[in-house]
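Encoded as structure tokens, the structure appears first; notes follow it.
The values are calculated or read from the model by the stated rules, or taken from the named source; none is laboratory data. These figures come from a predicted structure and were not determined experimentally. Cβ: placed from backbone, ideal geometry, glycine included. Neighbour counts: every protein chain shown.
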Amino acid sequence: MAQKVVVLGGLGMLGQALTDLFRHDPNYEVVAWDKEDVDVTDFTQLREKLVDIKPHIILNCVAYNAVDLAEEDDDQYQKALLLNRDLPGELAIIANDIDAVLVQYSTDYVFPGDIDEKKEGGCGNSSCCGGGCHGGGEKGYGEGAFPNPVSRYGESKMLGEQEVMMNAHKYYIIRLSKLFGNPASSPDGKRSFFDVMLEAGKNKPEVQVVDSEKSCFTYAPDLAMATKDLLEDGDQWGVYHLPNTGAVTWYEAVLELYRQAGLETRVISVTPEAFPRPAKRPVYSALINSKRPPLRRYEVALAEYLSDKK
Ligand SMILES: NC(=O)c1ccc[n+]([C@@H]2O[C@H](COP(=O)([O-])OP(=O)(O)OC[C@H]3O[C@@H](n4cnc5c(N)ncnc54)[C@H](OP(=O)(O)O)[C@@H]3O)[C@@H](O)[C@H]2O)c1
């Protein structure tokens, strides 16, 4: 019998990739909802619709992602709390009632991002990196690292994680960072950083890019596949880090993008102070995946994305 999957935020960047992947597998029956189908902040309506369908799996891709707006505007911060904290909490309870698995997506922004990349031998503080900094290899935050966000957005996502951990019986919290893939097709849908920079590179002789905020890009179709594999392997409930491999700053990523796209646009490295923004960002927040097979390097995923766009 096919497993029923409900995707919330089905027109978003990640939601589209998940919907597409699961729909291609006859073992799944997929229902994808976005704003037109259900207002997920109307918890009564949401519960009725989910109880009616009784999915085996709920993939929650809805989120409030306007990092700066949430920082500077109290009403927007309340909206962030509603979507990023209260919604996952409610979904956890509904998932228990219908015995469904809840997959909640989260972010590297739950971490402070103050790991010193250049320091020899790791940060020496297990409550910082959860072990990721120790014993050589790539530095970063392991799944067990202690969240301590530096923005209101990061705080709202951390609170959502806590709601799921406290309330859900069967859950995966999957952290990702710097998502890219086909643009969201929702009414307020956004393009990824790579698409924005590709357009800029085609139209300008030079671009200025911040050489900071080092973390791992995540290709939406790769994360969708890694999510499906995790569900099918049935690993222990808990927190997983599933970005692509290879931490880079925004500047380093644009160099790679233009190299692959054959653009000769000049790329100028600037500090974050060149583009002041209301919310603080983690300076170094590579997510270490120590539980699941590593995803391919982001450069390889980017090459595939660019060639599929042609
Ligand atoms: N994008 C990143 O770089 C990034 C980084 C780290 C973690 N994440 C996490 O990854 C997950 C997926 O992110 P994403 O970039 O794919 O998000 P997204 O493109 O913004 O998709 C979210 C979807 O949910 C819809 N939605 C918003 N409010 C809704 C409501 N009240 N009722 C029903 N649907 C609603 C959105 O519609 P509208 O677009 O019309 O509002 C959109 O289609 C999120 O948990 C996010 O926090 C993303």
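The table that follows gives values for the structure above.
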quantity: Residue satisfying condition, being surrounded by 23 or more Cβ atoms within 10 Å (Cβ to Cβ), modelled with pLDDT of 95 or more and under 19 Å from the mean Cα position of the chain (by Cα), within set Asp108, Asp86, Asp68; calculated: Asp108
quantity: Any strands (runs of 3 or more DSSP E) falling wholly within region 1-110 and containing at least 3 residues that are away from the ligand (no atom under 15 Å from the Cβ); calculated: 3-8, 28-33
quantity: Test: residue in region 173-189 that is touching a residue at least 40 places away in the same chain (Cβ under 8 Å), over 30 Å from Gln260 (Cα atoms) and over 14 Å from the mean Cα position of the chain (by Cα); calculated: yes
quantity: Candidates Asp20, Asp37 - the one that is farther than 22 Å from Leu179 by Cα and modelled with pLDDT of 95 or more; calculated: Asp37
quantity: Arg191 closer than 30 Å to Asp97 by Cβ, within 14 Å of the ligand (Cβ to nearest atom) and outside any helix (DSSP H, G or I); calculated: no
quantity: Residue identified as of a type in the set (S, T, N, Q) and within 16 Å of Leu179 (Cα to Cα) among Ser269, Ser285; calculated: Ser285
quantity: Qualifying positions in region 183-208 - more than 24 Å from Pro243 (Cα to Cα) and at pLDDT below 95; calculated: Pro187, Asp188
quantity: Only one of His134, His169 that is assigned to a loop (DSSP other than H, G, I, E, B), at pLDDT 95 or above and either crowded, with 21+ Cβ neighbours inside 10 Å or not small (Gly, Ala, Ser) (or both); calculated: His169
quantity: Flag for Asp211 being of a type in the set (Asp, Glu), farther than 21 Å from Ala17 by Cα, surrounded by fewer than 17 Cβ atoms within 10 Å (Cβ to Cβ) and at pLDDT 95 or above; calculated: no
quantity: Check on Asp116, over 20 Å from Lys35 (Cβ atoms) and crowded, with 18+ Cβ neighbours inside 10 Å; calculated: no
quantity: Count of region 142-164 residues which are farther than 25 Å from Ala66 by Cβ and part of a helix (DSSP H, G or I); calculated: 0
quantity: Leading residue by the ranking (surrounded by the most Cβ atoms within 10 Å (Cβ to Cβ)) among those in region 47-65 that are within 18 Å of the chain's Cα centre (by Cα) and not aromatic (Phe, Trp, Tyr); calculated: Leu59
quantity: Pair list, Cβ < 6 Å and 6+ apart or interchain, from region 231-243 residues that are under 16 Å from Ser290 (Cβ atoms) to residues that are surrounded by 11 or more Cβ atoms within 10 Å (Cβ to Cβ) and of a type in the set (A, V, I, L, M); calculated: Val239/Ile173; Tyr240/Ile174; His241/Leu287; Leu242/Ile174; Leu242/Leu223; Leu242/Ala226; Pro243/Leu176; Pro243/Leu287
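The rows are residues; the columns are (1) modelled with pLDDT of 95 or more; (2) in a helix (DSSP H, G or I).
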| position | (1), (2) |
| --- | --- |
| Ser215 | yes, no |
| Asp229 | yes, yes |
| Asp235 | yes, no |
| Tyr240 | yes, no |
| Pro243 | yes, no |
| Glu252 | yes, yes |
| Gln260 | yes, yes |
| Glu273 | no, yes |
